[in-house]
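Everything below concerns the one structure shown next.
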Amino acid sequence: AHLDRIAAVDGAVHAFLHVDAEGALAQAAASDERRAHGQLASPLDGVPIAVKDVLATQGLPTTCGSKILEGWVPPYDATVVVRLRAAGLPILGKTNMDEFAMGSSTEHSAYGPTHNPWDLDRIPGGSGGGSAAAVAAFEAPLAIGTDTGGSIRQPGAVTGTVGVKPTYGGVSRFGLVALANSLDQAGPVTRTVLDSALLHEIIGGHDPLDSTSVDQPLPALVDAARQGAAGDLTGLRVGVVTELGGDGYQPGVLARFQESLDLLVKAGAEIVEVSCPSFVHAMAAYYLILPAEASSNLAKFDAMRYGLRVLPEHIDNPSAEDVMRATRDAGFGDEVKRRIILGTYALSSGYYDAYYGQAQKVRTLISRDFEAAFEKADVLVSPTAPTTAFKLGEKLDDPIAMYLNDLATIPANLAGVPGISVPSGLAEEDGLPAGFQILAPALADDRLYRVGAALE
Ligand code: GLN
């Protein structure tokens, strides 16, 4: 049914870069076998899933939305993919994304943009717009995204889906093509909070192949979602972050946010106002730390090891450097080049302390703000994104306007704490979905599910 749906709507939505109909049907048949013998591998055995094209999939192309990886077929699976397969989830295909996960609209994909199923002239968020659009358009019941500065939560918000960024280290990064190693986390994109909890329990947990993986059991996420769905939040302290709201946020987004807060109060929660003064510097710190890490990660695309190789014209006997230059020039898009230049500059000697060093200090201050806030509140909340989905092309020529979408999501990545975006309804002025973000202390991902499920 999902393959039929993809065939019917993906021409217009363009959520997928690659569909593996044959593989998905074979996995579904194997699942039917297990079901017939009463031996299901997991609660989601047989439920199909779409995977963001930044995770390595053995035998399936993995492009990261970039020309430079065109034609690369990984010889191994990312740990997340290994776990999906072991749990019996048929993989429908790979979803579209901003090139190397840099962006907030999926317009930076080298393979053309994804369209928001709510209004095809609008963006589905990014970088994981393909995963969110696939779930919103009923092309897949579940998807995997990755979130470095908001790329699961912001697409979730603007497509009316649920998106979760787990605690840093809670889900293995092995086989996830790194954008910024200290910020990246893979996580669920689904239509309900309970679905995310079920999926998170499958992909999460310790992995010896990832040195930053947390070596302790996950909290009981599905139990927390079930408990939250019962609707009693008596005694829970919900902190509204002063710095993540107000100016720059669309009125309809703020109205839906307030309505969700009222629902939490009705469920017995207590609302407290908390201030995190360093959050106003989060964007600036992020756009130094991320390009620094990304520029170093992308150095491996050298025309020798993976994918594309372009031989320079007009040069006889080109050197390795000539080939590298021609390949990177043709293979990377503008946003990727912009960040490589920024990152290389920020890391260069003489500037390192002034930029990268300062940004790391701001990062520490942001973590301290979170620690202080979590003394006063069990969870923190804000609108997920300042606006609903904007029009395709609207912000493409203005990188700063594009970056501003991540104002509310970036602090969680800098501090490593988990976050979820749940739909909060449609903004009056444009009838488009808005998102409600819930943040919890590191390793307390269960709180996201308890509070998120209470809002459904
Ligand atoms: N939009 C943010 C960026 O461009 C976040 C990206 C992400 O989370 N992968 O960096």
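The values are calculated or read from the model by the stated rules, or taken from the named source; none is laboratory data. Note that the coordinates shown come from a computational prediction; the quantities given were computed from them, not determined experimentally. Heads up, the Cβs are rebuilt from the backbone with ideal geometry, glycines too, and the neighbour counts pull from every protein chain shown.
At a glance:
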{"item": "Looking only at region 77-98, and only at residues there that are of a type outside the set (A, V, I, L, M) and either buried (at least 23 other Cβ atoms within 10 Å of the Cβ) or free of Cβ contacts under 8 Å to residues at least 24 places away in the same chain (or both), the one that is nearest to the ligand (Cβ to nearest atom)", "result": "98"}
{"item": "Residue match in region 386-397 (condition: part of a helix (DSSP H, G or I), under 23 Å from the mean Cα position of the chain (by Cα) and either polar (S, T, N, Q) or buried (at least 24 other Cβ atoms within 10 Å of the Cβ) (or both))", "result": "no"}
{"item": "Residue in region 31-39 that is touching a helix residue (DSSP H, G or I) at 6+ places or on another chain (Cβ under 9 Å) and under 27 Å from residue 197 (Cβ atoms) present", "result": "yes"}
{"item": "All positions within region 398-415 that are surrounded by fewer than 20 Cβ atoms within 10 Å (Cβ to Cβ) and either among the small types (Gly, Ala, Ser) or within 18 Å of residue 245 (Cβ to Cβ) (or both)", "result": "401, 404"}
{"item": "Which numbered condition residue 346 misses (of (1) at pLDDT 95 or above; (2) of a type outside the set (Lys, Arg); (3) closer than 17 Å to residue 296 by Cα)", "result": "(1)"}
{"item": "Selection status of residue 38, free of Cβ contacts under 8 Å to residues at least 12 places away in the same chain, of a type outside the set (A, V, I, L, M) and out of contact with any Pro (no Cβ under 9 Å at 6 or more places or on another chain)", "result": "yes"}
{"item": "Which numbered condition residue 101 misses (of (1) of a type outside the set (S, T, N, Q); (2) within 10 Å of the chain's Cα centre (by Cα); (3) more than 8 Å from the ligand (Cβ to nearest atom))", "result": "(3)"}
{"item": "Filter result for residue 298 (within 22 Å of residue 73 (Cβ to Cβ) and within 23 Å of the chain's Cα centre (by Cα))", "result": "yes"}
{"item": "Scan of region 149-159 for residues that are farther than 19 Å from residue 13 by Cα and either free of Cβ contacts under 8 Å to residues at least 12 places away in the same chain or near the ligand (Cβ under 7 Å from one of its atoms) (or both), ordered by number", "result": "149, 150"}
{"item": "Residue in region 187-199 that is in contact with a Gly (Cβ under 9 Å, 6 or more places away or on another chain), at pLDDT 95 or above and assigned to a loop (DSSP other than H, G, I, E, B) present", "result": "yes"}
{"item": "Region 205-224, subset out of contact with any Lys or Arg (no Cβ under 7 Å at 6 or more places or on another chain) and not in a loop (DSSP other than H, G, I, E, B), residue farthest from residue 174 (Cα to Cα)", "result": "223"}
{"item": "Residue in region 346-362 that is charged (D, E, K, R) and either in contact with a Leu (Cβ under 9 Å, 6 or more places away or on another chain) or surrounded by 24 or more Cβ atoms within 10 Å (Cβ to Cβ) (or both) present", "result": "no"}
{"item": "Subset of region 103-129 [at negative phi and of a type in the set (Val, Ile, Thr)]", "result": "114, 123"}
{"item": "So residue 146, is it without any contact (Cβ under 8 Å) to a residue 40 or more places away in the chain and either within 13 Å of the ligand (Cβ to nearest atom) or farther than 20 Å from residue 340 by Cβ (or both)", "result": "no"}
{"item": "Number of the condition not met by residue 109 [criteria: (1) farther than 13 Å from residue 54 by Cβ; (2) over 12 Å from the mean Cα position of the chain (by Cα); (3) within 16 Å of the ligand (Cβ to nearest atom)]", "result": "(1)"}
{"item": "Single match in 297, 317 (criterion: polar (S, T, N, Q) and surrounded by 16 or more Cβ atoms within 10 Å (Cβ to Cβ))", "result": "297"}
{"item": "Verdict on residue 333 being farther than 22 Å from residue 100 by Cα, surrounded by 12 or more Cβ atoms within 10 Å (Cβ to Cβ) and not polar (S, T, N, Q)", "result": "no"}
{"item": "Inter-residue pairs, beta-carbon under 6 Å, first over 18 Å from residue 21 (Cβ atoms) and in contact (Cβ under 8 Å) with a residue 12 or more places away in the chain and in region 113-141, second among the basic types (Lys, Arg) and not in a loop (DSSP other than H, G, I, E, B), 6+ apart", "result": "116/122; 121/391; 122/391; 128/52; 131/52"}
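This table checks each residue for (1) among the aliphatic types (A, V, I, L, M); (2) farther than 30 Å from residue 56 by Cα; (3) out of contact with any Asp or Glu (no Cβ under 8 Å at 6 or more places or on another chain).
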residue	(1), (2), (3)
242	no, yes, no
264	yes, yes, yes
285	yes, no, yes
314	no, yes, yes
